[in-house]
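A.B. asks: Please read through the structure below; I'll follow up with questions.
The values are calculated or read from the model by the stated rules, or taken from the named source; none is laboratory data. Here the structure is a predicted model, which means the values were calculated and not measured. Positions of Cβ are backbone-derived with ideal geometry, glycine not excepted, and every protein chain shown enters the neighbour counts. Surface accessibility is based on the protein's heavy atoms, side chains included, excluding ligands, DNA and RNA. Shrake-Rupley method; radii C 1.70, N 1.55, O 1.52, S 1.80 Å.
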Amino acid sequence: MAFFNFKNIKVAGVACAVPSNEVKTESYKPLFGDVEVDKFMAMTGVRASRRTSEYQTCSDLGYRAAKELLKKNGISSEEIGALLFVSHSPDYRRPSTAFVLQYRLGIPKEAVCYDISLGCSSLVVGMQTIASIMTTSDIKRALVVVGDTAGKSVYPTDKSSAMLFGEAGAVMLLEKTDNESDEITALLRSDGSGYRYMIVPGGGYRNLHANEEVVMCEDGNERTLMNSFIQGTSVFTFTIFDVPRLIKDFFAQTGTTSDSYDCFAFHQANLYILKQIAKKSGIDFDKIPISLDRYGNTSGASAIVSLCDRYGNNNEHKVIKVMTCGFGIGISLGATSFEINTDDILPIFEDDEIFEEGLITNPNQLYEKK
């Protein structure tokens, strides 16, 4: 069992940003029909989502969130000793997007920076990785940037995905402390046998020059090899069986129960799945903040989006115990627990800016002096 316990490390803040472009799920009715769209909204709970413009990326949104979080906490970027970018939506095939964020944020050259390629479990794995680094080093502060722009890989007429995904970037600040009551726990699992359950098969180095011919698939949706494929039945089975089992094992390993937590910030897969997970895990559904109804399934950012949505604009000024759970593409799943002061949960920011310097549409731009 991959269980981790990190003492003297706390979550010092979270923030997120979304694009201002709101897409109402009802707007798909002329394309998919009233019955199909109404059925989708009832099942998934998604009534609107946010979508980036053509050249805006997840790192643009993560950059805005990180700037706001550092400003709020009065921390200079020079104090950041590590930055992880955990996402399936990098700016480029290479280099790692973490280096772009390091440059934009002004994080020092001595910092550890790299990418991890993960989607829905990106936050829980990112937390475990950065806490491990901090535990075995002299790094005192670190950032985990997560999120995806999954809508960019969806074929426009794919009714199984076109209405589901929203886009966001989120950041978590971790700090080393002298207080042993500050701790982060994590339980991680992986099942590579499900690598085909959620996949974009083209564009990687297995099939670099994939045929972009539009094909009518057996599920009745059109796609190319450059688009997302989701095996709905397999994914559903995984989420309603493996995820509750993970949560129960987490409770047993930590000696806690559902009553031990004030909030369950879970990946926002869809509303029906969240209700099933809560029921099978013995969790009060009211303790699960819901953001997918207005922001869609925002992949790895969704737990932070939900926290910011529920606590970012209130004045409770209290410490809450949070359990977060991420599960999906990989297949990958995990859970973490931590405490955070609600004052350190920022409201959701809207941002449409792009990193103009990073927009390279002509090879000769690479030879121009900055």
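Conditions (1) in contact with a Phe, Trp or Tyr (Cβ under 6 Å, 6 or more places away or on another chain); (2) touching a residue at least 40 places away in the same chain (Cβ under 8 Å), marked per residue:
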residue	(1), (2)
93	no, no
127	no, yes
154	no, yes
159	yes, yes
169	no, yes
197	no, yes
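A.B. asks: Same structure again: For region 102-127, which residues satisfy the criterion of being open to solvent by 10 Å² or more (accessible area, probe 1.4 Å), part of a helix (DSSP H, G or I) and among the β-branched types (Val, Ile, Thr)?
C.D. replies: 125
A.B. asks: Further question on the same structure: Just to verify a result, which residue in region 334-358, among those that are out of contact with any helix residue (DSSP H, G or I) (no Cβ under 7 Å at 6 or more places or on another chain) and touching a residue at least 40 places away in the same chain (Cβ under 8 Å), is surrounded by the fewest Cβ atoms within 10 Å (Cβ to Cβ)?
C.D. replies: Checked region 334-358; the qualifying residue surrounded by the fewest Cβ atoms within 10 Å (Cβ to Cβ) is 350.
A.B. asks: Pick from region 187-233 the residues that are assigned to a helix (DSSP H, G or I) and over 24 Å from residue 32 (Cα atoms): which of them is most open to solvent (accessible area, probe 1.4 Å)?
C.D. replies: Restricting to residues being assigned to a helix (DSSP H, G or I) and over 24 Å from residue 32 (Cα atoms), the top hit is 193.
A.B. asks: In region 37-57, which residues are among the hydroxyl-bearing types (Ser, Thr, Tyr) and closer than 21 Å to residue 273 by Cα?
C.D. replies: As a first pass, look at region 37-57 and keep what is among the hydroxyl-bearing types (Ser, Thr, Tyr): 44, 49, 52-53, 55, 57.
Matches in region 37-57: 44, 49.
A.B. asks: Follow-up question, since we're still on this one. If you check residue 112 against the conditions, is it touching a helix residue (DSSP H, G or I) at 6+ places or on another chain (Cβ under 8 Å) and either touching a residue at least 60 places away in the same chain (Cβ under 8 Å) or under 15 Å from residue 171 (Cα atoms) (or both)?
C.D. replies: no
A.B. asks: Are any residues in region 219-235 over 17 Å from residue 156 (Cα atoms) and out of contact with any strand residue (DSSP E or B) (no Cβ under 7 Å at 6 or more places or on another chain), and if so, which ones?
C.D. replies: Hits for region 219-235 are 231, 232, 233, 234.
A.B. asks: Oh, and also: Give me the strands (runs of 3 or more DSSP E) completely within region 245-352, filtered to those with at least 3 residues that are among the β-branched types (Val, Ile, Thr) and on the phi < 0 side of the Ramachandran plot, ordered by residue number.
C.D. replies: Ranges flagged: 319-328.
A.B. asks: Tally up the residues in region 128-186 that are out of contact with any strand residue (DSSP E or B) (no Cβ under 8 Å at 6 or more places or on another chain), open to solvent by 20 Å² or more (accessible area, probe 1.4 Å) and within 17 Å of residue 86 (Cα to Cα), please.
C.D. replies: Matching residues across region 128-186 total 0.
A.B. asks: So residue 295 passes all but one of these: (1) touching a residue at least 60 places away in the same chain (Cβ under 8 Å); (2) open to solvent by less than 10 Å² (accessible area, probe 1.4 Å). Which condition number does it fail?
C.D. replies: Here residue 295 clears every test but (2).
A.B. asks: Just need a number here: residues in region 179-192 that are over 17 Å from residue 327 (Cα atoms) and at pLDDT 95 or above.
C.D. replies: 3
A.B. asks: Need at least 1 residues that are surrounded by 14 or more Cβ atoms within 10 Å (Cβ to Cβ) and small (Gly, Ala, Ser) per element, so show me which helices (runs of 4 or more DSSP H) inside region 1-99 make the cut, counting only ones lying wholly within it.
C.D. replies: The qualifying helices (runs of 4 or more DSSP H) are 58-73.
A.B. asks: I need the full set of residues from region 78-118 which are among the hydroxyl-bearing types (Ser, Thr, Tyr) and over 23 Å from residue 18 (Cβ atoms), in order please.
C.D. replies: 96, 103, 114
A.B. asks: I would also like to ask the following. If you scan region 353-370, which residues turn out to be out of contact with any Lys or Arg (no Cβ under 8 Å at 6 or more places or on another chain) and part of a loop (DSSP other than H, G, I, E, B)?
C.D. replies: 354, 359, 360, 361, 362, 368, 369, 370
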